[in-house]
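Bear in mind that the values in this text are calculations on the coordinates, not laboratory data. The structure displayed is predicted, hence computed values, not measured ones. Cβ placement follows ideal geometry from the backbone for every residue including glycine, while neighbour counts extend to all protein chains displayed.
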Amino acid sequence: MTAYLGWIGLTLSTEKTRIVNIADGFDFLGWNFRKYSGKLLIKPSKKNVQAFYRNVKEVISVKKTAKQDDLIRLLNPMLRGWAQYHRPVVATAAFTKMEHQIFCALWRWAKRRHRGKNAEWVRKKYFATIEARNWVFGTTTVDKKGDPFWLELYSLAGTQIRRHKKVRADYHPFDPAQEMYGEKLRQTRMSEDMSHRKQWIKLYMSQRGLCAVCQSKITKETGWDDHHIVPRVLGGSDALGNRVLVHPGCHIQVHHYGRIAVKPVLD
Ligand SMILES: [Zn+2]
Ligand SMILES: [Zn+2]
C-alpha cells in the first residue's frame, strides 16, 4: 500500500489523506498530473496519447482499400471525441504532435494505394489547400440526398463545439428508481468540466484508488461511477462528503441489490 501511495504521490496523515508530493507525477482520467517548478501541470498522459494513436493507426491500416470519404467518416468521430475530452487541459502540444503523426500515417496510406504514381499526383488526389491550410485530407462526396459536399479530416487544433448529451424523454430527476440514470447523466455532463474532474481526482485519491463497495482497484479498464451515498432525491448533497467512486458493476449492486458503499475512513 505504501508503495502504491508513493506512486500516486500520496501519503497518509492522521486525519485525512493529502497530497504531499506530486513532483513525480501520476496518471488519472487519461491525464498526467505533475508539478513543474511549483505549478501543477495537467496534460494528456503518455499512455492515453499512445493508446489513441494506436486506435487511429489500426483503423487506417484496416481500411487500406476503403474510399477516402469512408475513412474520414470513421476517423472524425474518434478525433472529435479525443479533442473534446482533453479540451480542459494543456493539450495544444499533444494535439499538434498527434495531428502530425496521423498526417504521416495517412500519407503512407495514400502512397501505398498508387505505387506507380509520384508524390505530387498522390498529394493532389487526397490533399487540398484551403485558404491558409495546406495538406488538408479531404474529398468531395455526396450526402444522403445525393448532394455533393466537401468532407475533410477533423482538425484537432480547430474549434471545438460543446455538445450536451440529450436527456431521456421520460427522465424525472425526483423518481428514486431513476437515481442511477441521473447520476450517469450528471457524470457525462460533468466530464466536460475541469472543476468536476478535479473533484473526481480528489475522490479517487481519498479512496486510495479503491472502489467504495468492493475495495478493489478502480482502473481505466474497470471504469467507475460517481455515486451519492445519500440519494439526491432523499436530500443527499452534491458535496464530496456524500460521494464515492464505485465500479459500474458494484454501482448496480448498490441500487438494485442493496449493497452498501462506504466512504473510506483513513486512520
Ligand atoms: Zn467495486
Ligand atoms: Zn448511485
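For the reader, a short list of remarks on this structure follows.
- Under-5 Å amide H pairs with R243, H placed in peptide plane, nonlocal only: I229
- Modelled spin-label separation between K144 and A66, with each label point placed 7 Å from Cα along the Cα-to-Cβ direction: 2.0 nm.
- Take the Cα of V59, step 7 Å toward its Cβ, do the same at A132, and the gap between the two points is 2.8 nm.
- A93-K47 pseudo-label distance in nm [points 7 Å out on the Cα-to-Cβ vector]: 2.1
- Amide hydrogen neighbours beyond the local backbone of L210, cut-off 5 Å, H modeled: I218
- Ratio Rg/Rh [Cα only; Rh per Kirkwood] for the stretch 27-87: 1.14
- Cβ crowding within 10 Å averaged over residues, with 215-225, 66-76 ranked highest first: 66-76, 215-225
- The H on the amide N of I42, modeled in the peptide plane, is under 5 Å from the matching H of V90, each at least 5 residues off or on a different chain.
- Here's the picture: charge each Lys and Arg Cβ at +1 and each Asp and Glu Cβ at -1 in the stretch 46-152, and of G138, Q50, V89 the one pushed furthest to the positive end of that dipole is Q50.
- Note that the stretch 122-139 has calculated 3J(HN,Hα) couplings of 5, 4, 5, 6, 10, 10, 10, 9, 10, 6, 7, 9, 9, 6, 7, 6, x, 7 Hz, one per residue in order, obtained from phi through the Karplus relation 6.51 cos²θ - 1.76 cosθ + 1.60 (θ = phi - 60°); glycine and proline are x.
- Residues R259, R115, ranked from the fewest to the most other C-beta atoms within 10 Å, line up as R115, R259.
- Cβ charges +1 (Lys, Arg) and -1 (Asp, Glu), total dipole of the stretch 46-152, debye: 520
- Potential lengthening between F103 and H256 on full extension [0.36 nm per residue; Cα-Cα distance subtracted]: 50.3 nm
- Pairwise Cα distances in the stretch 46-152 exceed 18 Å for 53 percent of all pairs.
- Of the GluC sites (Glu not before Pro) in the stretch 97-157, the ones in a loop by DSSP (not H, G, I, E or B) with at most 16 other beta carbons within 10 Å are E131.
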